[in-house]
Amino acid sequence: MSKLVVALAWLRSLFCKLACYSCPDVLPAFSGSLATEAAHSAPDRGQTSGVFIAFGRYQESKKIRQSCRLFYSDDPVKIVRARGQYLFDEKDQRYLDCISNVHHVGHCHPSVTKAAAAQMDLLNTNSRFLHDNIVLYADRLSATLPEKLCVFYFVNSGSEANDLALRLAQQYTQHKDVIMLDHAYHGHLKSLIDISPYKFRKLAGQKEWVHVAPLPDTYRGIFRATHPNPGQAYADTVKDLIEEVHRKGRKISAFFAESLPSVGGQIILPQGYSAKVAEYVRSAGGVFVADEVQTGFGRLGSHFWGFQQQGEGFCPDIVTMGKPMGNGHPLACVATTVEVAGAFTANGVEYFNTFGGNPVSCAIGLAVLDVIEKEDLTGNATRVGAHLKDLLAQLQTRHQLIGDVRGIGLFVGLELVTDRETKTPATETAALVVKRLKQEDKICVSTDGPWENVVKFKPPMCFSMEDAELVVRCIDRILTDIEASDLKLEKEDI
């Protein structure tokens, strides 16, 4: 065993040298001078096709799926390169990216691309062969999580991770039924559409083994910020749901929830909620699954994982992760306990993933963790996120259209309403703000929430103080203009 430890240590050192993680001639800190360089570097002159040609090809081609809308589909943008928090179109116009939480440490980060190229030049094969990268990466991930979450399954996407988490939960508990939050979205596989109210309500409807709990929204939900203990009150709705399930003669396998619901509208779960729900679910024989696909890897700043925001005493039974993990490379993971993993292994059916945990993916994952640490991106998320939230709160005092400002770190939501008393969603106004930010200011944002009235901010983690100030100034100007024009909100604002 001691020889193995020494060998792994030597290989870790060698890999760091190969990947140039600590090489002094690596390009400067990405969130500093490189971001400036990116803003002024020359465009790729090989990109000559205009956006109208590209859009025409998308529209006319029968080979490209038509079921997913482009961003700004009425006036799409053709992006040809990116760097840091900036996107560049075919005319070399620069856009500030407030959307791309996938490109966690910044678009095309040199340390990540260098690590990917170096490993790709050396070896890329599947995980049925021995390779140190997967062991080293699992070790690094383990150090960020509670001790009991010590078994890792590497996959390629958040959807794959959540599908596997569902299988793990059902195998371990030998139950089928699942509880999830209203408006939740957990992925595009059929198994996940079934547990995503955001999707199944538009399709085949709710299955009998699927049970929907109220979204713990303290702004417009059934228990609001004025409630003496909204966390307990919302948790008790899950307890009531479990009892209802039992009366039907059914059993719970899992409670699924994003640690901070994103599609639901950038929701911050009230304190105490997750721990209480976990207590009720485990008492019923189920497990707690925390979906960290949107919020993991330090986006909250104060915590590396979203579920940690619920307190040190809370630990899920299964954690899924994805989007930011590979900085745009398809990389995802499920972390769980020895007990849950053991039950999955004991079923006698082999689990194998061709690309999950391959050497290139793990090299990229290691590089992403290195950048987060070396550039203090969690600290940056804390500082810049607090500044952004404070600036938006100041806007709220001047604009009646702003109903709520909420968020932690670089996970922030600005909810627009037509009336603060009734909290009527200002859906069309939110869409107009998004459109004008793109057209007038070259700033990319989008909306979320059940009524698409929450302007969301989940930018790359190198987002700066100056970026935050620019975005807020532009929103201020647009809202001032809307109010001054006495814009009549359309009837779709419901």
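The values are calculated or read from the model by the stated rules, or taken from the named source; none is laboratory data. Values in this document were obtained by computation on a predicted structure and should not be read as measured data. Reconstructed Cβ throughout: ideal geometry from the backbone, glycine too, with neighbour counts over all protein chains shown. Ligands, DNA and RNA are stripped out before the accessible areas are found, and what is left, the full protein with its side chains, is counted by its heavy atoms. Shrake-Rupley method; radii C 1.70, N 1.55, O 1.52, S 1.80 Å.
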Item to check | Test: residue in the range 326-339 that is assigned to a loop (DSSP other than H, G, I, E, B) and hydrophobic (A, V, I, L, M, F, W, C) | outcome: yes
Item to check | Residue satisfying condition, being small (G, A, S) and in contact (Cβ under 8 Å) with a residue 24 or more places away in the chain, within set G249, G348, G342, G285 | outcome: G285
Next on the checklist: Name the single residue that is nearest to the chain's Cα centre (by Cα) among those in the range 393-430 being over 30 Å from T378 (Cα atoms) and open to solvent by 50 Å² or more (accessible area, probe 1.4 Å).
Outcome noted: E428
Next on the checklist: For the condition aliphatic (A, V, I, L, M), under 30 Å from I242 (Cβ atoms) and surrounded by fewer than 21 Cβ atoms within 10 Å (Cβ to Cβ), what is the one hit in V210, V155, V178?
Outcome noted: V210
Checklist outcome for this item: Within the range 184-199, restricting to residues that are over 14 Å from D163 (Cβ atoms) and touching a residue at least 40 places away in the same chain (Cβ under 8 Å), the one that is most open to solvent (accessible area, probe 1.4 Å) is Y198
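Provide a single number: the residues in the range 171-181 that are in contact with an Asp or Glu (Cβ under 9 Å, 6 or more places away or on another chain) and not in a strand (DSSP E or B).
Filtering the range 171-181 down to residues in contact with an Asp or Glu (Cβ under 9 Å, 6 or more places away or on another chain) leaves 172, 177-178, 181.
From what is left, the residues that are not in a strand (DSSP E or B) are 172.
The number of residues fulfilling the criteria is 1.
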Next on the checklist: Take the conditions in contact with a Lys or Arg (Cβ under 7 Å, 6 or more places away or on another chain), surrounded by fewer than 23 Cβ atoms within 10 Å (Cβ to Cβ) and assigned to a loop (DSSP other than H, G, I, E, B) and apply them to R128. Does it pass?
Outcome noted: no
Checklist entry - Restricting attention to the range 440-470, which residues are touching a His at 6+ places or on another chain (Cβ under 7 Å), over 17 Å from T429 (Cβ atoms) and open to solvent by 10 Å² or more (accessible area, probe 1.4 Å)? => result M465
Next on the checklist: Pairs needed: first member in the range 354-374, at positive phi; second member anywhere, part of a loop (DSSP other than H, G, I, E, B); C-beta distance under 7 Å; at least 6 residues apart or different chains.
Outcome noted: G357/S127
Checklist entry - Among the helices (runs of 4 or more DSSP H) confined wholly to the range 189-306, which include 3 or more residues that are aliphatic (A, V, I, L, M) and either within 20 Å of the chain's Cα centre (by Cα) or farther than 17 Å from P450 by Cβ (or both)? => result 230-247, 273-283
Checklist entry - Do we have any residue at all in the range 220-239 that's β-branched (V, I, T), open to solvent by 40 Å² or more (accessible area, probe 1.4 Å) and touching a helix residue (DSSP H, G or I) at 6+ places or on another chain (Cβ under 9 Å)? => result yes
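Restricting the search to the range 73-121, which residues are β-branched (V, I, T) and not in a loop (DSSP other than H, G, I, E, B)?
Scanning the range 73-121 gives I79, V80, V112, T113.
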Checklist entry - Given the conditions (1) assigned to a helix (DSSP H, G or I); (2) touching a helix residue (DSSP H, G or I) at 6+ places or on another chain (Cβ under 8 Å), which single one is not true for F463? => result (1)
Item to check | Checklist (1) in contact (Cβ under 8 Å) with a residue 60 or more places away in the chain; (2) aliphatic (A, V, I, L, M); (3) out of contact with any helix residue (DSSP H, G or I) (no Cβ under 8 Å at 6 or more places or on another chain) applied to A143, failing item | outcome: (1)
Checklist entry - Does R473 satisfy the condition of being surrounded by fewer than 23 Cβ atoms within 10 Å (Cβ to Cβ), in contact with a helix residue (DSSP H, G or I) (Cβ under 7 Å, 6 or more places away or on another chain) and at pLDDT 95 or above? => result no
Next on the checklist: Please verify whether A341 is open to solvent by less than 20 Å² (accessible area, probe 1.4 Å), at pLDDT 95 or above and in contact with a Leu (Cβ under 8 Å, 6 or more places away or on another chain), treating the condition exactly as stated.
Outcome noted: yes
Item to check | Unmet criterion (only one of (1) more than 26 Å from L70 (Cβ to Cβ); (2) out of contact with any Leu (no Cβ under 8 Å at 6 or more places or on another chain)) for L166 | outcome: (2)
Checklist entry - Among the residues of the range 351-359, is any open to solvent by less than 40 Å² (accessible area, probe 1.4 Å), under 30 Å from A117 (Cα atoms) and in a helix (DSSP H, G or I)? => result yes
